[in-house]
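Structure first, commentary second.
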Amino acid sequence: MSQTRLIQLEADILGKNNGYAQANCAQFARDGMFVLNLVSSPGSGKTTLLCKTLEALKDTLDLAVIEGDQQTSADADRIRATGVPAIQVNTGKGCHLDAHMVGHAVESLKPAKGSVLLIENVGNLVCPAGFDLGEAHKVAILSVTEGEDKPLKYPDMFAASDLVLLNKVDLLPHLDFDIEEAEANVRRVNPRARVLRVSARSGEGMEAWMQWLKGGAMMASATLPATAPLAAE
Amino acid sequence: MRTATITTIIMAMGIIITTMTMTTIRRMIITMITGAITTTVSMAICTMVRGRRGPRFRA
């Protein structure tokens, strides 16, 4: 296959995905939903972070989760154990979620208007960067066990993310990880990205992350028309 | 795996039935034809049962 043909094919795939993503985005805006796409490499602690976040916020926000993995429903089971509705998408041979899958998952999940939808993408720092799901923000999670040079090695993912969570900071005393350098590397790739240091296990920094999430949810639901049923009462 | 198993079982059944009822050259020809037909049919059945390849949604 010639290089020209290869480029054309990639453009067509992403173009089709972008069409579905726009439809998702329009639906999310119409329903006042705040949608986040959580991306990271495998083992960065996405699911644990998500579980802790859901346990803390489930009484104050309407929450729903889409879990992406190649196989198993282990992560969705962990999420459901917190009492939050979740749907598992097994991508099979696929290495990322795409907007079409998310559209179908939302149809099944039926999240409430004004809710927060958290999409945990397949653990992969490459492909999910190129596939828009219609989300408000990509949130990249980088654990301190991975190495501070990850943002430079996988710049597309960190450039596409609006928030970077440096996770597992409770392990810093036991590692050679240079957190200042990691933050500097994120800013070299994406100067606009906000960086938060968190630990799902110890709870350090979780308040800042949840405040950011609540702020976004409030902004998204503000676009909904005044609650008609309540006004009628 | 499942496709291969079902295909093999159906083919074997077809071959056994034809070889029990026919003789010599006719047996060979009919065995070949039966094999081809059963393979096609079983593949079609397997495709229908399994459905199109794609993501699985586990609610």
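The values are calculated or read from the model by the stated rules, or taken from the named source; none is laboratory data. Being a predicted model, the structure only gives us computed values, none of them experimental. Cβ: placed from backbone, ideal geometry, glycine included. Neighbour counts: every protein chain shown. For accessibility, only protein heavy atoms count, side chains too; no ligands or nucleic acids. Shrake-Rupley method; radii C 1.70, N 1.55, O 1.52, S 1.80 Å.
Picking from residues in the range A:120-137 that are within 17 Å of A:Ala26 (Cα to Cα) and of a type outside the set (Asp, Glu), the one that is surrounded by the most Cβ atoms within 10 Å (Cβ to Cβ) is A:Leu133. A:Ala81 versus (1) within 14 Å of chain B (Cβ to nearest Cβ); (2) open to solvent by 60 Å² or more (accessible area, probe 1.4 Å); (3) hydrophobic (A, V, I, L, M, F, W, C): which is the lone unmet condition? Checking A:Ala81 against (1) within 14 Å of chain B (Cβ to nearest Cβ); (2) open to solvent by 60 Å² or more (accessible area, probe 1.4 Å); (3) hydrophobic (A, V, I, L, M, F, W, C), the one that fails is (1).
Every residue, every condition in (1) more than 14 Å from every other protein chain (Cβ to nearest Cβ); (2) more than 24 Å from A:Asp59 (Cβ to Cβ); (3) not aliphatic (A, V, I, L, M), yes or no:
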residue: A:Thr91; (1), (2), (3): no, yes, yes
residue: A:Ser108; (1), (2), (3): no, yes, yes
residue: A:Leu117; (1), (2), (3): yes, no, no
residue: A:Val122; (1), (2), (3): no, yes, no
residue: A:Ala129; (1), (2), (3): yes, yes, no
residue: A:Asp132; (1), (2), (3): yes, yes, yes
residue: A:Pro155; (1), (2), (3): yes, yes, yes
residue: A:Phe158; (1), (2), (3): yes, yes, yes
residue: A:Asp176; (1), (2), (3): yes, yes, yes
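For the range A:31-57, residues that are more than 18 Å from A:Leu166 (Cβ to Cβ), open to solvent by less than 10 Å² (accessible area, probe 1.4 Å) and part of a loop (DSSP other than H, G, I, E, B) total 1.
Every listed requirement among (1) facing chain B (nearest Cβ under 10 Å); (2) surrounded by fewer than 20 Cβ atoms within 10 Å (Cβ to Cβ); (3) modelled with pLDDT of 95 or more is met by A:Ala86 save one, (2).
The lone criterion from (1) under 17 Å from the mean Cα position of the chain (by Cα); (2) within 10 Å of chain B (Cβ to nearest Cβ); (3) surrounded by fewer than 18 Cβ atoms within 10 Å (Cβ to Cβ); (4) among the hydroxyl-bearing types (Ser, Thr, Tyr) left unmet by A:Thr72 is number (1). Beta carbons closer than 7 Å, at least 6 apart along the sequence or on distinct chains, pair a first residue in the range A:18-35 that is within 9 Å of A:Ser221 (Cα to Cα) with a second that is open to solvent by 30 Å² or more (accessible area, probe 1.4 Å) for A:Ala29/A:Thr223; A:Asp31/A:Lys113; A:Gly32/A:Lys113; A:Gly32/A:Ser221; A:Gly32/A:Thr223; A:Gly32/A:Leu224; A:Phe34/A:Ala136.
Quick one: which of A:Ile141, A:Ile66 is touching a helix residue (DSSP H, G or I) at 6+ places or on another chain (Cβ under 8 Å) and within 14 Å of another protein chain (Cβ to nearest Cβ)? Exactly one of A:Ile141, A:Ile66 is touching a helix residue (DSSP H, G or I) at 6+ places or on another chain (Cβ under 8 Å) and within 14 Å of another protein chain (Cβ to nearest Cβ), namely A:Ile66.
This table checks each residue for (1) in a loop (DSSP other than H, G, I, E, B); (2) in contact with a helix residue (DSSP H, G or I) (Cβ under 8 Å, 6 or more places away or on another chain).
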{"site": "A:Val106", "(1), (2)": "no, yes"}
{"site": "A:Gly123", "(1), (2)": "yes, yes"}
{"site": "A:Gly147", "(1), (2)": "yes, no"}
{"site": "A:Ala159", "(1), (2)": "no, yes"}
{"site": "A:Leu166", "(1), (2)": "no, yes"}
{"site": "A:Arg188", "(1), (2)": "no, yes"}
{"site": "A:Arg192", "(1), (2)": "yes, no"}
{"site": "A:Ala200", "(1), (2)": "yes, yes"}
{"site": "A:Met218", "(1), (2)": "no, no"}
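Applying the condition of being surrounded by 17 or more Cβ atoms within 10 Å (Cβ to Cβ) and either farther than 18 Å from A:Asp31 by Cβ or among the polar types (S, T, N, Q) (or both) to the range A:95-106 and asking which residue is nearest to the other protein chains (Cβ to nearest Cβ) yields A:Met101.
Within the range B:39-59, restricting attention to residues that are at pLDDT 75 or above and among the hydroxyl-bearing types (Ser, Thr, Tyr), the residue that is surrounded by the most Cβ atoms within 10 Å (Cβ to Cβ) is B:Thr39. Screening A:Glu207, A:Glu181 for residues that are over 29 Å from A:Glu55 (Cα atoms), exposed (fewer than 15 other Cβ atoms within 10 Å of the Cβ) and at pLDDT 95 or above leaves exactly one candidate, A:Glu181.
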